[in-house]
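The values are calculated or read from the model by the stated rules, or taken from the named source; none is laboratory data. For clarity, every value in this text was computed on a predicted model and none was experimentally measured. Neighbour counts are summed over all protein chains in view; Cβ atoms, including those assigned to glycine, are modelled from backbone coordinates with ideal geometry. The area values use the complete protein model at the heavy-atom level, side chains included, leaving out ligands, DNA and RNA. Shrake-Rupley method; radii C 1.70, N 1.55, O 1.52, S 1.80 Å.
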Amino acid sequence: VWRAAVDGDAAVLAGQLEEAAALLSEGHLVAFPTETVYGLGADARNTKAVEGIFRAKGRPSDNPLIVHIADERQLGELVLPYPELARRLMKELWPGPLTIVLPVRPEAVSPLVTAGLSTVGVRMPDHPAALALIRQSGCPVAAPSANRSGRPSPTLAEHVLEDLDGKISGVVDGGATGVGLESTVIELPDSDTIRILRPGGITAEQLQSAAPEATIDAPASAKSEITEAPRSPGMKYTHYAPEGDLTIVQGHDPSEVTLYIQEQVNATKASRLKTGVLVFDERRTAYDADLVLTYGSELHLEQAAHRLYAALRRFDAEGVQLIWAEGCSEEGIGLALMNRLAKAAGHQIVRI
Ligand code: TXA
Ligand code: MG
């Protein structure tokens, strides 16, 4: 697999981006960094290329793809007239981790991109290499996260290669991505309502301050999802999931959470299964497991978001079989963080 590093000499970088852009425009699959996670890109108009995305990822074909653009002209080619509210959000929050679902212009993209829907999710990523690649390729770029379906999304080029080496033409290596969780996906059911379909890099608070009179229809929190989907190994979701068995432990009193998790770890010692915990810095030293990973401080949930997927992959790399993770508050980026954690755990959440 061809791989271009984006941190080197400017002339070399320009040449490599040009090469990547040419591959995209010729119908090949190229992974690239965005401010959220790495995306697996293809020309959104080219059905063969888009088919390749689904094949490489092992992704179910009924799950539509986000189209990435670099400027407003590209937007006009993709979508039908859209509400003023959408325009305002774009003006305030693009480029950035916000995907807006809009009415698609017939024949503007392959029907595989929209999974047959009459809408398309569009976003303008806030990453110089992504923007340059899109611009130079001349394509609207369909790109899901560049992981095998079900695995944690890639926040490093190495993660992309772990999952997709041999299945894609190349990866533009931009180092670690910033946000670390995917974009927020919204739709606008009427002229003054923003419905969050997937919480992500743009928080509900940011949406509200970009559009003060709009009503934000927030998603079911991770907590309410749990009560609807009781613990059941057979029903385990496989989104973002590590190979080990992950349980989230949430509670008002952090010291009780720590006590509970450590008891669980101790109880499995006789079984010789490899144990891991994912916890905040504040309580790190209170844990004794085979692998102790930290999110960083609980005062900086952005850092936890940035680290989450790499931590889940690390548990796999070390062969950890039983994992407990501290939950966190669902304020700000915490909502997206708990959403991904809950999915990664197949909704196995203990509340104490
Ligand atoms: O940050 C991100 O969004 C990353 C980077 C690469 O841009 N991409 C990403 O793509 O996370 P993916 O395919 O892993 O997630 C796309 C999400 C899915 O939940 C999909 O169902 C939703 O967006 N989606 C896409 N088009 C849609 C549409 N027309 N209506 C409703 N949901 C849509
Ligand atoms: Mg994904």
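Return the distance in nm (one decimal) between the two label points of a simple spin-label model at Leu80 and Arg195, each offset 7 Å from Cα along Cα→Cβ.
Result for the modelled spin labels: 1.7 nm.
Rounded to two decimals, what ratio of Rg to Rh does the range 1-121 give with C-alpha atoms and a Kirkwood Rh?
Values: Rg = 15.4 Å, Rh = 15.7 Å.
Ratio of gyration radius to Kirkwood radius for the range 1-121: 0.98.
Using the 2.2 N^0.38 Å rule of thumb for compact globular proteins, work out how the range 73-209 stacks up: its C-alpha Rg over that value, please. The partial results should precede the final answer.
On the way: Rg = 15.5 Å, N = 137, 2.2 N^0.38 = 14.3 Å.
Rg over 2.2 N^0.38 Å, computed on Cα atoms: 1.09.
Which residue fluctuates the most in the chain, going by a Gaussian network model with Cα springs under 10 Å, if the choices are Ala336, Ala214, Ala204?
Result for the chain, Cα springs under 10 Å: Ala214 fluctuates most.
Apply 1/(1 + (r/R0)^6) to the Cβ-Cβ distance of Arg272 and Ser149, taking R0 = 30 Å, and write down the FRET efficiency to the nearest 0.05.
The pair Arg272/Ser149 has a calculated efficiency of 0.45.
Find how many whole Å separate the alpha carbon centroid of the range 322-352 from the alpha carbon centroid of the range 30-66.
27
At a Cα cut-off below 18 Å, give the aspartates and glutamates reachable from Lys269, other chains included and same-chain residues fewer than 8 away excluded.
Filter leaves Asp245, Asp288, Asp290, Glu318.
Using the structure shown, select from Lys57/Lys343; Lys91/Lys343; Lys167/Lys274 the pairs with a Cα to Cα distance greater than 24 angstrom.
The pairs that break the limit, which is 24 Å between Cα atoms, are Lys91/Lys343; Lys167/Lys274.
Over the chain, with a Gaussian network built from C-alpha contacts below 10 Å, which listed residue (Pro128, Pro144, Pro81) shows the highest mean-square fluctuation?
Pro81
Sort the chain into rounded, prolate or oblate with this rule: let a ≥ b ≥ c be the square roots of the eigenvalues of the Cα gyration tensor; rounded if a/c is under 1.5, and if a/c is not under 1.5, prolate when a/b is larger than b/c, oblate otherwise.
Verdict is prolate for the chain.
Taking the alpha-carbon distance from Lys48 and a cut-off under 12 Å, which aspartates and glutamates remain once sequence neighbours fewer than 8 residues away in the same chain are dropped?
Of all the aspartates and glutamates, those that pass the test against Lys48 - Cα under 12 Å, at least 8 places apart if same chain - are Glu26.
Using a simple spin-label model with points 7 Å from Cα along the Cα→Cβ vector, what separation in nm is obtained for Val292 and Glu51?
Here the answer is 5.3 nm between the modelled labels.
Highest GNM mean-square fluctuation, the chain, Cα pairs closer than 10 Å: which of Gly174, Gly121, Gly138?
For the chain, modelled as a Gaussian network with Cα springs under 10 Å, the answer is Gly138.
Please compute the modelled spin-label separation between Ala176 and His300, points set 7 Å along Cα→Cβ, answer in nm with one decimal.
Reported label-point gap for His300 and Ala176 is 1.0 nm.
Percent relative contact order of the chain, based on C-alpha pairs within less than 8 angstrom and at least six residues apart?
Reported as a whole number, the value is 20 percent.
In whole percent, and with a 1.4 Å probe on the protein chains, what portion of the accessible area of the chain is carbon and sulfur?
Within the chain, the accessible surface is 51 percent carbon and sulfur.
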